[in-house]
Structures are given as structure tokens and as C-alpha cells.
1. Between LYS288 and ASN748, what is the FRET efficiency for a Förster distance of 51 Å, r being their Cβ-Cβ separation, to the nearest 0.05?
2. How much length is gained if the chain between ASP593 and GLU658 is pulled fully straight, taking 0.36 nm per residue apart and subtracting their Cα-Cα distance, in nm to one decimal?
3. Relative to the first principal axis of the alpha-carbon coordinates of the chain, what is the inclination of helix 316-326, with its axis defined by its Cα atoms, in degrees from 0 to 90 and to the nearest 10?
4. At a Förster distance of 51 Å, what's the computed FRET efficiency of MET865 paired with GLU895, Cβ-Cβ distance as r, to 0.05?
5. Roughly what angle does helix 941-953 make with the longest principal axis of the chain, taking Cα atoms, 0 to 90 degrees, to the nearest 10?
6. With an 8 Å Cα cut-off and a minimum separation of 6 or more residues, compute the relative contact order for the chain in percent.
7. Could you work out how much longer the chain between TYR172 and ALA449 gets when fully extended? Use 0.36 nm per residue separation minus the Cα distance between them, nm to one decimal.
8. Would you kindly give the portion of the calculated P(r) for the range 135-199 that falls above 17 Å, as a percent of all Cα pairs?
Amino acid sequence: MSKTSPHKASQIALEHFKIKALATRLNSYVDENFLLETNSGEKFLMKISKEDNAERLDFQIQLLEHLSHKELPFQIAKSVLDKTGNALSKISNDKTVRLLTWIPGRLWATANPRTDNMRKNLGMVAGNLTKALQDFDHPGAHREFDWDLANAAWTNRHVKRFSGNESEMVTYFQRRFSQIQEIYKALPKSVVHNDLNDYNILVSPDYSNPTVAGIIDFGDSVFTQTVNDLAIALAYAIMDLPDPLSAALDVISEYNKKYKFAEKELECLYTLVGMRLVTTVVSAAIKKREFPKEDYFVISEKPAWELLEKWFQINEQFAVYSFREACGLTAHPLERKFAAWAKNNQVSLKTVFPTLHFDKVTNLDMSVGSTLLGNLAEYADPEVSELKLQQFRKHHPDSIVLNGYLEARPFYSTAAFKTEGNNGPRYRTVHLGTDFWISAKTPVHAPFAGKVKIAHNNNYDKDYGPMLILEHQFEGNVFYTLYGHLSMSSLQISRIGQTVNKGELIAYIGESQENGNWAPHLHFQIIMDLLDNNENFNGVALPSEIAVWKSICPDPDLIFKEELNALENPVPENKLLEFRKEHLGKGLSLSYDKPLHIVRGEGVYLIDKDGQKYLDTVNNVNHVGHQHPKVVQAGQRQMAVLNTNTRYLHEEIVQYAEMLLKKLPPHLSVIHIVNSGSEANELALRMAKTVTKNEDFIAIEVGYHGNTNAAMDVSSYKFDALGGNGKPKTTHVLPLPDSFRGKYTGENCGIDYAAHTKEIIQRLKVEGKEIAGFIGESMVSCGGQIVPPSNYFQEVYKHVRNAGGICIADEVQTGFGRMGKTFWAFELYEVLPDIVTMGKPAGNGHPLAIVACTEEVATKFNTGMEYFNTFGGNPVSCAIGRAVLEVIEEEKLQENALNVGGFLKFELLKLQKDFPIIGNVRGEGLFLGFELNNSNKEPLPEQTNYLMNRMKQLGILMSIDGPDHNVMKIKPPLVFSKENAEELIARLKTVFAEDFLKEF
């Protein structure tokens, strides 16, 4: 068919449809497609086709007419009638023209990111479309062509175009397609869209929460197996993702709610997705030769090959079980049948362990949040773990100790169990069997008659050791029992193919050294399907896949007479939320749109109840790392001996004070130890008032100093915010010294900002008042990680001291080496405060805070009224504080803050060049921030919130602050490494490239 020019297309629109519009050619495969746009902005799609396709064209027209009478949660094009009232016009001897309404939206292929919700929404839309077409048919739908998945066997003729791995994948799915034909041909049929690819799905313009807005191009519609439409939609919806199976389940679960799939359809689905991809790559190979200069024909080739390789690696049966579970069926079809059989054929644990003498079963908690396990240094130490296990057994002498079925454990949140999911890193943390913690060399006997299926020494998995799998029969079916952590001699007792009787000896428990230094125990697991694995089998699984795995690996409790799972179930998260809302403070907030249930901390990570690790860039409280072993041990040791007040002599408070004073300038020679930063600032303010006998304070705009009355009175961040009572009469606020977006900018703006101090002092003098002092964070944290200009504090301190005031440096968030260049942030500005307050980092999460002051201030504060603090300076707190200082020195964490912080800031500045939405990068060491702005420096709080929540989805915790809620704070534990920084930057790049952010 000769090509129609855009000018000619405009003439056709005017002549046949009386529409005056400018035509633009669009990519097309069979028809010629043009976008028509009128002067008023109205848009249409023009399709010019060959005359000899009358039946096909009528089929498409009638299909759209049919759908126009259905209530659909998405848009479809409608036919625009020509001047004679027809949907199809003849424009020459061999051409016809149709005009369709234009559907606004973005192509699925261009949307970024393609989220879980988008895929679920696509499933709902596609399911509605399938349901709407169930009562439609047309002669033109009954045709044969290559893109009908039922005819995909035509690709067999082109296998020689491929070699190596490509040939292996293509031939595998072609062979499977041939093998399922008997089932496949009998599946339900209907008219389907047949081409729900990423260029035929339109997405809404809502970048923050996109949905499927419309479906276009019904040119490939055909009467075929209904499930083909799902397979085709999946083949494109799950491209370019690390975990295509998980992505497929998003679509399937919602699709099935609108159109119910039969079990036989789900059995074929894995192969059908593979065959659609095969059809795509074969077609591309052919078209590349026919049209070597046309990219349109091969647009999906590369992502199709990438997906085909990932899909090929997925076990087909596991995929089918996953499809079943997504559709509300039992993942394994024999799950209920086995449970019923097991209930009637239970055996005692004494059948498996006849040499053990026990009266009851006791469960051992090894979950992620287990306090018994302790921190990483404890549970990773075999000797410590063995000692704890021995103590536990000692307290339960008449028990067999066991645990583990579907228990999420911290051991598995390591790199060995880490994979990349569609929303960042995830970990196979959930234990699929039951562990029996019994002595090495204990004999193990078969619970049922069977035969040895697998006897294997996992040399490549030292944690698992020798392993045995038995095959058993039940009602004409098979199931398996797995025995892990055995002795090497067990592999001589039980050989592959050997039959065993119920109660017959099959193995012995292995020694620790045979099983990766684990304490001796038996890992026992029931398996319904080995999933083609003849050497090893999953002992742990992803939390997101547990609904499937617990059907494949049922609870061992089913086959034993004793009750194995005696631990209380954890309180559901919705109940935790309800209790908080009803009984905890109404002003108590939770981070993120979907709150996290955190139960463990390790170094730079927080870990949720399922073992999901989150890189923590927020928690400056845990200064030397979450649950640092040395800090934990210091507190445990001292707490076991003594914890009392300071009215008695004790070495710890003296030793801590001596160590801390060495980190401070010599003029700050007296310290008071309290419990929190708020209390430290409260005391500092009281000191200033006592020394000067004045009440008025100067503070910084959006500064925050704590939650006591006096601290709140000087915290603009609170009293100027929602719910605040406004500035007290005795507080006088300096403008936020923000050189990027503040009142003053430029090289010497610090002098301009500081000049307001002098103005306030002079105004108070006129009123007959004098100031008690000035309090300021050395870097304004809650105000947006603001770094005051270099000469700012020198000028402020000068004005305050000339007026007889006290200068208080709030180092609660900035101290203890975080700056890298200096130990305290005030040292960056070459000033000497009269009082320095410290908090959060001092105790690494333990409530410890300090007020350091000059001898003069301390003497004048000692008016005769005793200052006593019940808990301040207690031996436990001081031991912990001393351990924190030792760790900072021993692990060179100030140097780490300098190096890693410098690297991270450099990378953020590079990122800023690629993504102008990053308006400013600022900070020192590991106290950094960046704000999001448009080109006019206007804040973008909605985009900042999006960034924070997307980063959380990708496994990185970040926090927002600043008066306009557009500043991302970076204040991680000081053990934050260069690798952690690289991961942070990589994830930021991912999110900044997404549609909602890249437009700025």
C-alpha cells in the first residue's frame, strides 16, 4: 500500500469528516496511523487501511461498539462517523479510512517506575476487558495469523536463527508448548485483545500514583484461548524487572478477581508467557533481515530476550503454584489432601528420636527480634550460642527443644541470602523447617516407611552440611521428609534408592564442625514437591513467598502427635497501630506512609520483623552503630553489678568525665551529666539565667532544643509550627542563616544575619532589659541541615558577650566526631562557647546527655541549692558513654566521617548536575542535607515526601525536615561506609530518574 502523506491525511479528515486538523504520522505495523490535532486542541486517531480487509475492519468497529456499551474502569477509543454517518469511509480504490477518538495518557513503555500498584491496576483493567468480551463474537475474529498465541508453533521453523543459550531457551518453550497441547486446546476461548503490550497500554498523567487510563489498538484481536490475553499482558508488564514472577503475581491476582481462571489455564500460563516471548524474538529476527533500518519492528527484542532468560530460570512448578495462590487456590493442589492424611497417621517424636527421654516440647525463640539471641556479635559466635543453648536446656531438663517453622531469623539477613527484588534488596529469612536442638551423634529414625531419594553432602553450603531426603507414599501420591545438619557417617547408613521402614535408623546428628560451626541440631522439613532439585532444597524463603512455600513445605506439626509450635503468635501490626492510637500520646507520630515494624538494629541497618534490612541514613542517635557490641557489653556488665546515683563514690563517672573533657577545649572544664538533650538544654538555660540574672534569650529561627518547657520556649521549630503558641515574650528569634534560600545570600551574608543579634540587644535595652544569652545549634538540623556562614557565630557571640550574655552551643545532633574535620561542630567556626550541650550520640541510644561549661559558669550556678539528678551520671550510663568514646577512637570514626562524608557530598553534587531538582547540597562529614526545589528555588515538599517513601521501598531510610519540608537529612551512624554511600547514591539515581521527579 503506497504511503499517505501527512498533508494528504489532513485533506482526508476535512473531506470525509469535516474536521480541520494538522496530521502527524505515527508508527504502525499494518495500518497507516496519524494523529490529528485541531486548532482548539482536540485530538483524533486516523487509521488508513487496505480495502481488502473489510471483514477485519468491521470486526474492529463492532468490537469497539460492543465495548462502548460496557461500564469499564478505563477508556477505549470510539468510532467517529464520517459525513455520511458511516464508521468506515472509502478514500480510493484500495484504501479505507477510520477516525477514532484520542485517548490521553502516557505509554506504559515510557512510565517510570512501573510500580506494584500499576501492575495490579493493569490486572484489574485487563480482567474487566476479558469479562466484557465474553459475550462478543464476529466472523472476522475467527482467523489464523502468526500473532495468535495458539498458532505459535510456526516459530519452530526458525530455530536455526539462534544458537547457544538463545537456542536452548527457544526450543525449551517450543517443546513445552507442544507437550501441553492436549490440555491447551480444551481451554475456554473467547475474543481477546491479543496485544496488551507496553505500547498499547496508556497510563494516567498522575506521576505520584499512576493508573491504567486506557487500552488502545484492537487490530490484533482474535478468537482464541482466553488465557492467552493474560499471558500476553504478562510478557510485557513484567519486562525490565529483577523478579518477573513476583511482578506477574501482581497482575494475575487482580485479573482473577474480574475473570476467574480455571486450574488448567494456570497450568499452561508459564509456558504461554514463554511462547509469547519466543514469538517476539523470532519475529524480530525475521524483521531485522526484511527491514534492517526500521527500529519499530524490533523495539521489544532486547527486553524480550532479557525477560525470556529470567523466565527460563524460574522453576515451572513453582511458578504454577504461585499462580494458584495468587488466584485464591491452595498453592499445592494436594495441600488439603495431605493435611487430612497426616492428621490420621500422626507419629510421636519418639519414633524419630527413640533414644531421647523427654516429657514435653519446649520452643526456642530465634526470630529476628529474639532477645535470647542477643546482638550480631553474640549469635554469630558459635561458642556463645552453644553456651546460651546449654543454659536454655538446663532450665528445661525434661524437654526436647525445637523451633523454627516459618520463623524469620536474623542469621539469614546476610549477603548470601540477599537478592534484588522489584523494590530493592530482599532476604530469604523465613525458615521452612523445624529445628530440633539435640546433641551430636543422636540417632535419627524414619517417621514413615519410604526410600532414600537424596543423600548429599552440601560441600558448597557449609552451613547445611550432610543432608538426606526420604520419599514416602500417601493415598497414591508422594511426599518427602528432609533431614539436615547430619554427620558424614549418615551418608554411609542411607544410600540413594534404599528402602527404609518406619522407625528404622537413617542418620546421626552431626558435630558442629560438620555444619558450619552451628550448634548440633536436626533441620527437619516436609516437602510436597522437590521442584526438580536433586541435590539440595530450599531451607529458607523470601517472606513475600511464604504463602506458596508453606503449601509446598507443610508444617511438621501435622505429622507429629506432640504440639510443636507453642510460642505465642506476635501481635499483628494492625493491633499495634490500634493500641498506639488509643492509648499512647496523641501527638506520637510514625515515619513513612506505611509504617515499619522494626525489631532489631545492627550497625548501619534497622531490621524489621521479617528480616528485611534497611540502610539507616537517619539515626544519628546510634552514633557508633546500632547495638554496637562493645557498647552493649559495657552496659550489660555494669548493670549486672551496680546502678545507683551520684551520691556515692564510683570510678565510672570520673573515668567518663576525664575521657570526655579531653575532647573539649580546656576552658570547658566542668560537666553535669543528665539523661537527654532536652534536659541538657533545660539545665544550660537555667545556668545562663542564674549567672546573668536575666530571663531573655536569643535563638535561631526553626531551631530545636528539646521538649521541656524551657527548651520549647527557645525552639522556633516548635512554637512557630502547627499547634505552637507562638514566640514567648522572653525569646527573640534570629532569621535562619540560610545562605541558599534565606533572607540574605552571598559570601559575607553571615555578618548580615548576625547583625540582627545586635538589633535585638539594642531594642531590649530601650525596654530596660538585658539578655541571659544565646542558644543555637552549631548546625541547624531540624531547620533543614543548615550550615551557617563561616563568620556567623563569631559575630553572634561577639554581640552577645558584649551585652554580658552566655553563649550556648547545642551539639546534641552534631557532636562526637560527626563533622569529620572537628570533634564538635562549633570548632568549625573557631568560637569558644560558655556552655556546650550534648545528647543523643553520647550513649548510642542509651539515655545519656551532658552539659559542659566553664569554671566561672559552674561556680556562679552553685548558689547553695543542690543540683541532683537521680539517674544522671549513674555507673551504667557512664560505662556506656565511655565505651562510645572508646569506639570512636578505636574505629577511627571521626576519620570515617571525614572520608565517607566527603565522598558522599561529592557524589551528591555530581547527582545535582544530572538532576536540577536538587537545589542545594550542604553539610560537613556525616551531617549532610539536600533540598528539592524548582528552577525558581521554590520548595517541593510533595516530591520530597515521594522521594523519602520511594527510598524506603528500596531499602533505605531517609528523613525530611526544614521549614518547608523539602530537605532530605543524612545523619547515619558513623560506621556508615563508602559502600553504604555508594548504595545510597545508586538508589537516589534510580528515584530521581522517575517521572514524578525528573520533570523538574
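1. The calculated FRET efficiency here is 0.20.
2. Extending this stretch completely gives an extra 18.9 nm.
3. Between helix and principal axis, roughly 70 degrees.
4. Values: r = 43 Å, r/R0 = 0.85.
It comes out at approximately 0.75.
5. Taking Cα atoms only, the helix is inclined about 70 degrees.
6. Values: 1986 pairs, mean separation 83.0, N = 1000.
Relative contact order of the chain: 8 percent.
7. 96.1 nm
8. Working: 1166 of 2080 pairs.
In whole percent, the share of Cα-Cα pairs in the range 135-199 beyond 17 Å is 56.
Here, each number is a calculation from the coordinates, and none is a lab measurement. Quick caveat: nothing in here was measured; it's all calculated off a predicted structure. Using ideal geometry, Cβ is built from the backbone for each residue, glycine included, and neighbour counts are taken over all protein chains shown.
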